[in-house]
Structures are given as structure tokens and as C-alpha cells.
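Encoded as C-alpha cells, the structure appears first; notes follow it.
The values are calculated or read from the model by the stated rules, or taken from the named source; none is laboratory data. In this text the structure is predicted, and so the values were computed from the model without any measurement. Here the Cβ positions follow ideal geometry from the backbone for every residue, glycine too, while neighbour counts run over all protein chains shown.
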Amino acid sequence: MPQRFFLELSYRGTQFHGWQRQHNAMSVQETLEKALSIVLKAPTAIIGCGRTDTGVHAAKYFAHFDAPDGLPATALPHLNGLVAPDIVVHRIHEVHEKAHARFDATQRAYDYYLHLRQDPFRRGLSTCYPYFKLDFDRMNEAAAQLLPLKDFPGFQKTGSGAKTSLCRLDQAEWQPVRTDYPVMACSDAWVFRIAADRFLRGMVRMIVGSLLEVGRGHISISEYNETITAGKRFDRITAAAPDGLYLSRVHYPYLHPEPVASASLLP
């Protein structure tokens, strides 16, 4: 019986066309599958906990794979030697044979980083938004209107193919960045934290885009509430840029207390 394992990893998405394997572009999934196939000396497919778009990062991501002959003792350093520097596998967990990285996740969380003045050292890791003064109190007031909702049809990409737009939102708020990963502490950095049992395709970036319009004063709180309650799309918003978005947490009701292998690199 093959053993099933979870990879716990991080990646910088700037150089990749998202997580999912593409026909004509490099993806995180393809890069890991090629490396894992070398480590296990057999073609090995991996299933991720969800999609991320081109340029989107993951501070914590999980994917599962099967190893018919078990895991070599040197699997973790060997794997990291093949995929670094834009991907780092932090831990490998042995899980039960039917464990599924995508379907078994009970909560996912994203962080969206925003900085308000030009800074070359944050390029690609945080979204620069220096052109308009933003009212973060109003943005948080609008974000709070999202929490009671159960259905989010106005916050998904057209043609996404999702069978339902129902989600349970657990958190949605802007916070000033003090000392946090990946943006250095400074007075002009903010992070939007959002957590839910599931997300629709493009949902987080569309929510952030809508809140930026509220912060600029282009959408009132009452108009925001009326639109999202009716399940409508906003006419004049665009999805926020991908470079500030990170998958930051994925929760499972299991996972061994101690991983099979650990690189001990996460803070």
C-alpha cells in the first residue's frame, strides 16, 4: 500500500504562472512534480490545497503525494536542492491514505500586503498604492459588512465553473503592519487579513479591489452594503494586483504532531 504524505511549503510566486500545471508556462506544481519524481525515482503527481494565480505567493501551502516505496531519509534536503530558491519545502508529514490536501482543509487564510510609497525593496512582495489617500477606518467598516454574508456571487471570476458561491467568512480586516512577514515594519504598510472555509476563484483580489474603492471615497458604505447583500458585481472595480497576495494559513483536523522531516525554516 502506497504511503501518503503532505508537503508543507512556501513559494514566491513572481516567476511562476500560478500553482496549477500549465501547457505552455512554468507553474509551482510542475516544478515540484519534476523534483519529486527525481527524489522518488518514479513519476509522481501532487495535488495542491488550492489554486493561486500568476504572481501570487504562499507563505504556507500544502500538497499531497503518494510514495509506493516510502520516503528516502534524504528526501527533504534533496527536494529543496532541486526547487530552491523560489520554493522551499519546510516539512513533510505522513498522513492517512485518504487524506486530501484540497478537500480536507477546513479553513484557509490569505494576507494582502499594501504599501503607500514607492519602495524598490518591496517590489513584487507587496502592492504599491501611492496615488490616493486611503481611509482604512472606512475600509474596515465595509469589510465588516462581508462577515454576515453566506453567498458571494459578485466576488468570483466569470466562467470560474464553481458549483456554489456559498462561503463561511471568519475574518476580514485591515491592520497596520508593525513587524510582520514579508514587509519590513514601517508606517506606510498595511495588511488585509481574510479567512474562510473556502474561497471562490479570484475572490480575495476582487474583495481587496472593492475595499480600495471604498477607501478612496468612490463607494459609500451604504452602497457597498446594498451591492454585496444583493449579490451583485461592482461596476467600477478591478481586482487588486497579485503581488501583494499570500496564502498564509491552511488548517486540517489532522496532521501528525511531529513531521516525518522538517527543515525548521518557518518563523
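Inclusion of residue 107 among residues that are out of contact with any Asp or Glu (no Cβ under 7 Å at 6 or more places or on another chain) and polar (S, T, N, Q) is not warranted. Taken over the range 214-234, the criterion of being out of contact with any Phe, Trp or Tyr (no Cβ under 7 Å at 6 or more places or on another chain) and in a helix (DSSP H, G or I) is satisfied by 221, 222, 223, 224, 225, 226, 228, 229. Within the range 85-126, the set of residues being surrounded by fewer than 20 Cβ atoms within 10 Å (Cβ to Cβ) and either under 14 Å from residue 6 (Cα atoms) or in contact with a Leu (Cβ under 7 Å, 6 or more places away or on another chain) (or both) comprises 88, 90, 94, 96, 97, 98, 99, 100, 102, 103, 105. For the range 26-40, indicate whether the set of residues that are among the basic types (Lys, Arg) and in contact with a strand residue (DSSP E or B) (Cβ under 9 Å, 6 or more places away or on another chain) is non-empty. No: zero hits. Quick check on my filter: what residues within the range 11-56 are farther than 20 Å from residue 99 by Cα and among the polar types (S, T, N, Q)? Residues satisfying the conditions are 14, 15, 22, 24, 27, 31, 37, 52, 54. Counting residues in the range 153-160 that are among the polar types (S, T, N, Q), in a loop (DSSP other than H, G, I, E, B), under 28 Å from residue 6 (Cβ atoms) and touching a residue at least 60 places away in the same chain (Cβ under 8 Å) gives zero. Applying the condition of being touching a strand residue (DSSP E or B) at 6+ places or on another chain (Cβ under 8 Å) and of a type in the set (Lys, Arg) to the range 194-244 and asking which residue is surrounded by the most Cβ atoms within 10 Å (Cβ to Cβ) yields 205. Answer with yes or no whether residue 82 is surrounded by fewer than 20 Cβ atoms within 10 Å (Cβ to Cβ) and outside the structural domain of residue 30 (by TED's automatic domain parsing). Taking the combined requirement at face value, the residue does not satisfy it. Every listed requirement among (1) touching a helix residue (DSSP H, G or I) at 6+ places or on another chain (Cβ under 8 Å); (2) surrounded by 21 or more Cβ atoms within 10 Å (Cβ to Cβ) is met by residue 38 save one, (2). With respect to being closer than 30 Å to residue 204 by Cβ, in contact with a Phe, Trp or Tyr (Cβ under 7 Å, 6 or more places away or on another chain) and buried (at least 20 other Cβ atoms within 10 Å of the Cβ), residue 16 falls outside the description. Of everything in the range 57-87 that is over 19 Å from the mean Cα position of the chain (by Cα) and either hydroxyl-bearing (Ser, Thr, Tyr) or assigned to a strand (DSSP E or B) (or both), the residue that is farthest from residue 101 (Cα to Cα) is 74. Taking each residue of the range 18-40 that is under 18 Å from residue 52 (Cβ atoms) and looking for partners that are among the acidic types (Asp, Glu) and part of a loop (DSSP other than H, G, I, E, B) with beta-carbon atoms closer than 6 Å, six or more apart or interchain, yields 18/53.
Residues that are touching a Pro at 6+ places or on another chain (Cβ under 9 Å), in a strand (DSSP E or B) and modelled with pLDDT of 95 or more are absent from the range 192-205 altogether. With respect to residue 99, determine if the residue is touching a residue at least 60 places away in the same chain (Cβ under 8 Å), at negative phi and in a loop (DSSP other than H, G, I, E, B). Yes.
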